[in-house]
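Engineer: Below is a structure I'd like to ask you about.
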Amino acid sequence: MQGNKIIIEIAAFTPGSAIVAAAAGAKRIELCSGYAEGGLSPSAGTIVYVREKVNIPVFVMIRPRIGDFVYNDAEKEIILKDIEFCKEAGVDGIVTGALDASGAVDKNFVRRVVDTAGSLPVTFHRAFDLSCNLDQALQDLIDCGITRVLTAGGKNSVTEGLDTIRSLVKSAGDRIIILPGGGIHAGNARQIVESTGLREIHCSGKELISSPMGHNPETSLTSTGEVSDFQWYESSTKKIKEIISQLIA
């Protein structure tokens, strides 16, 4: 397997993680914030800083809030403004997604996103996996001019959705790139690539960091979840290199 020809996209949730991922051998960064929320838009400063510090393509997540992907007019305007900012900041691609209340792709708005992005490729993120009909959603995204779709095949992880991903790959042909993402790690990356024939994968290669800061254990500023006030995820050089090594072996 020619691992150097496989594009490994790393979801980086902090500026430091983006730098670590690039140094570890990632081929592309999906720059986000808010791991516990499923990925949110990073700050303007983060976007500019990372674009200046890494020499691999940077795709920016544009998702203005947690929750579903049915956006009101104000949220849609914010998404389009964020895209304009990203173009000015010199990023290499956009990652976003929008559905309507029925669970179908919001085609009218997605077309506006693609038009606003211009020459920048647009990835439709895992809102795709929440759509009511994956086959129809895929065709809608092709019709809208989306470049790639990030998916776990409508499941929680790529391994669970592998059969569906293979079907999507067949349907997509060369019209859109299927980007598998969700639960990919060193233990399954090779099998996923060999099973699907895909040349791009999306993963995080993350590790949980604990703060050395002393604090009042009776006070918490965050809601109960996967992270806390004193824990967060960062990209792991070791884990990313392990994934790469499995794809080269």
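Engineer: Give the lysines reachable from LYS76 as a straight Cα distance under 26 Å; neighbours fewer than 8 places away on the same chain don't count.
Structural biologist: Partners found: LYS87, LYS107.
Engineer: I would also like to ask the following. Counting only complete DSSP H runs, which helices of the chain cover 30 Å or more along their long axis at the Cα atoms and score a mean Kyte-Doolittle of 1.6 or above? Write down the numbers at each step before the final one.
Structural biologist: Numbers: long enough: none.
Taking the DSSP H segments of the chain (at least 30 Å long, mean hydropathy at least 1.6), we get none.
Engineer: Can you give me the accessible area per residue for the chain, using a 1.4 Å probe, in Å²?
Structural biologist: On a per-residue basis, the chain sits at 47 Å².
Engineer: So if we plug the beta-carbon distance of SER102 and SER195 into 1/(1 + (r/R0)^6) with R0 = 30 Å, what FRET efficiency do we get, rounded to 0.05? Can you show the working numbers first?
Structural biologist: Values: r = 32 Å, r/R0 = 1.07.
In this case the efficiency is close to 0.40.
Engineer: P(r) tail for the stretch 96-224, what percent of Cα pairs lie past 23 Å?
Structural biologist: On the way: 3402 of 8256 pairs.
Value for the stretch 96-224: 41 percent of Cα pairs lie more than 23 Å apart.
Engineer: Percent relative contact order of the stretch 89-146, based on C-alpha pairs within less than 8 angstrom and at least six residues apart?
Structural biologist: Numbers: 67 pairs, mean separation 25.1, N = 58.
The value is 43 percent.
Engineer: Right, here's the next one. Using alpha carbon centroids, what distance separates the stretch 189-206 and the stretch 3-49, in Å?
Structural biologist: Using only Cα atoms to place each centre, the spacing works out to 17 Å.
Engineer: Under a point spin-label approximation (7 Å from Cα along Cα-to-Cβ), what is the PHE85-ARG166 distance to one decimal in nm?
Structural biologist: Modelled inter-label distance: 4.3 nm.
Engineer: Counting only the backbone N, which residues of the stretch 1-45 are under 14 Å from the spot 7 Å out from the Cα of GLU207 toward its beta-carbon?
Structural biologist: From the stretch 1-45, the list is 17, 20-21, 24.
Engineer: Name the lysines eligible as straight-distance cross-link partners of LYS241: C-alpha to C-alpha under 29 Å, and not fewer than 8 places from it in the same chain.
Structural biologist: LYS5, LYS27, LYS53, LYS155, LYS206
Engineer: Additional query: Under the definition of Cα pairs under 8 Å and six or more residues apart, what whole-number percent is the relative contact order of the chain?
Structural biologist: Values: 473 pairs, mean separation 51.3, N = 249.
Relative contact order here is 21 percent.
Engineer: What number comes out for the charge environment of ASN156, summing +1 per Lys or Arg and -1 per Asp or Glu over other residues with Cβ under 15 Å away?
Structural biologist: So the environment of ASN156 carries a net charge of -2.
Engineer: Which percent of the accessible area of the chain is formed by carbon and sulfur heavy atoms (probe 1.4 angstrom)? The partial results should precede the final answer.
Structural biologist: Numbers: 5850 of 11660 Å².
Accessible surface attributable to carbon and sulfur in the chain totals 50 percent.
Engineer: I need the Kirkwood Rh of the chain: take the reciprocal of the average 1/r across all distinct C-alpha pairs and report it in angstrom.
Structural biologist: Working: mean 1/r = 0.0541 Å⁻¹.
In the chain this quantity evaluates to 18.5 Å.
The values are calculated or read from the model by the stated rules, or taken from the named source; none is laboratory data. Since the structure is predicted, the reported quantities are computational estimates derived from the model, not experimental observations. When we count neighbours, we look across all protein chains shown, and the Cβ atoms used for this are built from the backbone with ideal geometry, even at glycine. To get the accessible areas, we keep the full protein, side chains included, count just its heavy atoms, and leave off ligands, DNA and RNA. Shrake-Rupley method; radii C 1.70, N 1.55, O 1.52, S 1.80 Å.
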